[in-house]
1. Scanning for something small (Gly, Ala, Ser) and in contact with a Leu (Cβ under 6 Å, 6 or more places away or on another chain), does the range 275-285 turn up at least one residue?
2. Sort through GLY263, GLY218, GLY238 and tell me the only one that's within 26 Å of ARG111 (Cα to Cα) and either within 13 Å of the chain's Cα centre (by Cα) or open to solvent by 10 Å² or more (accessible area, probe 1.4 Å) (or both).
3. What single numbered condition from (1) free of Cβ contacts under 8 Å to residues at least 60 places away in the same chain; (2) touching a Leu at 6+ places or on another chain (Cβ under 7 Å) fails to hold for ALA161?
4. Filter the range 352-375 down to the residues that are open to solvent by 40 Å² or more (accessible area, probe 1.4 Å) and more than 22 Å from the chain's Cα centre (by Cα) and list them by number.
5. Give me a count of the residues in the range 352-363 that are hydrophobic (A, V, I, L, M, F, W, C) and either touching a Phe, Trp or Tyr at 6+ places or on another chain (Cβ under 8 Å) or modelled with pLDDT of 95 or more (or both).
6. Please go through the range 183-214 and pick out each residue that is outside any helix (DSSP H, G or I), at pLDDT below 50 and over 26 Å from TYR77 (Cα atoms).
7. All but one of (1) of a type outside the set (Lys, Arg); (2) open to solvent by 20 Å² or more (accessible area, probe 1.4 Å); (3) assigned to a helix (DSSP H, G or I) hold for ALA91; which doesn't?
8. When THR310 is evaluated against the numbered criteria (1) polar (S, T, N, Q); (2) open to solvent by 30 Å² or more (accessible area, probe 1.4 Å); (3) touching a Cys at 6+ places or on another chain (Cβ under 9 Å), which criterion, by number, is the only one it fails?
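The values are calculated or read from the model by the stated rules, or taken from the named source; none is laboratory data. None of the values given here were measured: they were computed from a predicted structure. Here the Cβ positions follow ideal geometry from the backbone for every residue, glycine too, while neighbour counts run over all protein chains shown. The area values use the complete protein model at the heavy-atom level, side chains included, leaving out ligands, DNA and RNA. Shrake-Rupley method; radii C 1.70, N 1.55, O 1.52, S 1.80 Å.
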Amino acid sequence: MITIRKNLHLIFTLFYIYFIMALFESSRGNFVPFFLEEFKISNAQLSMVLSLNMVGSIIGSFWGGQFCEKYGHKFVYMAGSAASAIAVLIAPFTANIFMLGLFNFIFGIGRASLSVGVDSMVPVLSIGFESILMNITHFMYGLGSFAGQNAYGYFLSQGVAWRNIYLYLSIFFITSVILSMFVKTPNMQFIKDESVEEKGHLYKQPIIYMFIAAVTFGLITEAIINTWFISYMRSSFGLDPQTAARYASVFFLMFALGRLFGGFIVNKTGNSKGLGLFLFSAAASLMAGLVLKQRGLVLIALSGFFISITFPTMMVIINSIFRQKSSLAIGFIVTFSNILYVVIYNIIGLLNDVLGTYLAFYSAPVSVAGCLIMLVLIARTAKQNTI
C-alpha cells in the first residue's frame, strides 16, 4: 500500500495545481462584465469564445488519459503545467476576442490533462479513504476560488486592469512547472496490452454514458455560477462590483468548506448516498434562492457547500467501478462530458440574452436535478453489473 507520508511532495504539488487552476478560472465571473463592455459582444458571443476553454479540455482530457497510461503521470503534470503557464502568459496581452479565445483554449488543454492525471492518481495515494483525500484535493480548488474572488473584487475596485491581474497570476503558473519537474510519482499498474476488443467493451457499457451525463450536469452547474452569478446579481438587482464579488466569495468559501468536510461525510454515508443528499440540498437551495430573488442571494451562495463534492466524488465512484481502467475511463468520460458541456454552455449564454439573467439562472437547479437523476441510475446499474 502506498502511504501518504512517502508522497508528501507529490500531494503538495497536486494541492498547489488545483489551487492555482481555481485562481485562474474564478477570474472569469469577475471579468465577464469587462469583456462584454470592452469587446462589444453579447452574452451568447462571449459564451462561444469562453467555451473554447472546454474545446481545449476535450483535447486535454482525452490525451491526458492516454498519456497517463503511456508515458506516466509525471509527464502529464509537466506538460499540463507548461500549457497552462503559456496560456496565462498570453492573457495579459489580449487585444481582441480571438486572443481571448486562444488563451482560454490553451488553458483548457493544460487544465484538463492535469485534472485527469490528478483524479486518477489520488485514489492510489489514499486506499481506504479515497473520497476524503479526493475531496480535500479538490478543496484546494474551492480555496483558490475563494481567494481569487476576494482578490479580484479588491483589485478591480482599486482600478487595477484585468490584464495586469492575469500578469500577476503567471508567477503562480511558472512555479507549478518547476514543482512538477521534481515530483516523484508512484508506479501505477495499467493494462498495457489491452486489446481493441477490451476497450470496445468498456465503451459499450451503458453506465459509462450515464457517467458522461452526470459529469456534464455537474460541470454545467459550476460553470453557470462561476460565469453568470456576478452578472446575475449586477444586472438583476443593480449590485456594485465589490458587493457582488462578496456574495460570490461566500459561494466559493462554502464550496471550499464543502470539499474540506464533504469527503468525511460521504466516507461515512457511502459515496452514492452522500452525493445524492448533497445534490438534493443544492437543488433546494438554488430554487429557494431564485424564488426569493435578492433576499435569496445568500441561499445561492450557501449552495456552494452542497455543489462542491459533485465532481471529486464522481471521480471516486468512477475509480471504484472501473478499477484498473480508471485513467482510460476518466479520460473518456471527461472528454465527452466536455463536448456536451460546450453545446449546453453556449445555449445557456444565448438564454441569458433572450430570457435575461434571472430566468436563465434557473438552468442551475435544473442541472443539479439532472445530475441527481443520473446518479440514481448509476447506483442501480452498478448493483446489477460488474465492470
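1. Filtering the range 275-285 for residues small (Gly, Ala, Ser) gives 276, 281-285.
In the following step, the residues that additionally are in contact with a Leu (Cβ under 6 Å, 6 or more places away or on another chain) were identified as 276, 285.
Yes: the range 275-285 contains one or more residues that are small (Gly, Ala, Ser) and in contact with a Leu (Cβ under 6 Å, 6 or more places away or on another chain).
2. That would be GLY218, the only listed residue that is within 26 Å of ARG111 (Cα to Cα) and either within 13 Å of the chain's Cα centre (by Cα) or open to solvent by 10 Å² or more (accessible area, probe 1.4 Å) (or both).
3. Of everything listed in (1) free of Cβ contacts under 8 Å to residues at least 60 places away in the same chain; (2) touching a Leu at 6+ places or on another chain (Cβ under 7 Å), ALA161 misses just condition (2).
4. Listed by number, the residues that qualify are ASP353, VAL354, LEU355, TYR358, LEU359.
5. The initial filter retains those residues of the range 352-363 that are hydrophobic (A, V, I, L, M, F, W, C), namely 354-355, 359-361.
So of that shortlist, the ones also either touching a Phe, Trp or Tyr at 6+ places or on another chain (Cβ under 8 Å) or modelled with pLDDT of 95 or more (or both) come out as 360-361.
Summing the residues that are hydrophobic (A, V, I, L, M, F, W, C) and either touching a Phe, Trp or Tyr at 6+ places or on another chain (Cβ under 8 Å) or modelled with pLDDT of 95 or more (or both) in the range 352-363 gives 2.
6. Within the range 183-214, just SER195 meets the criteria.
7. Result: ALA91 passes all but (2).
8. Answer for THR310: the failing condition is (2).
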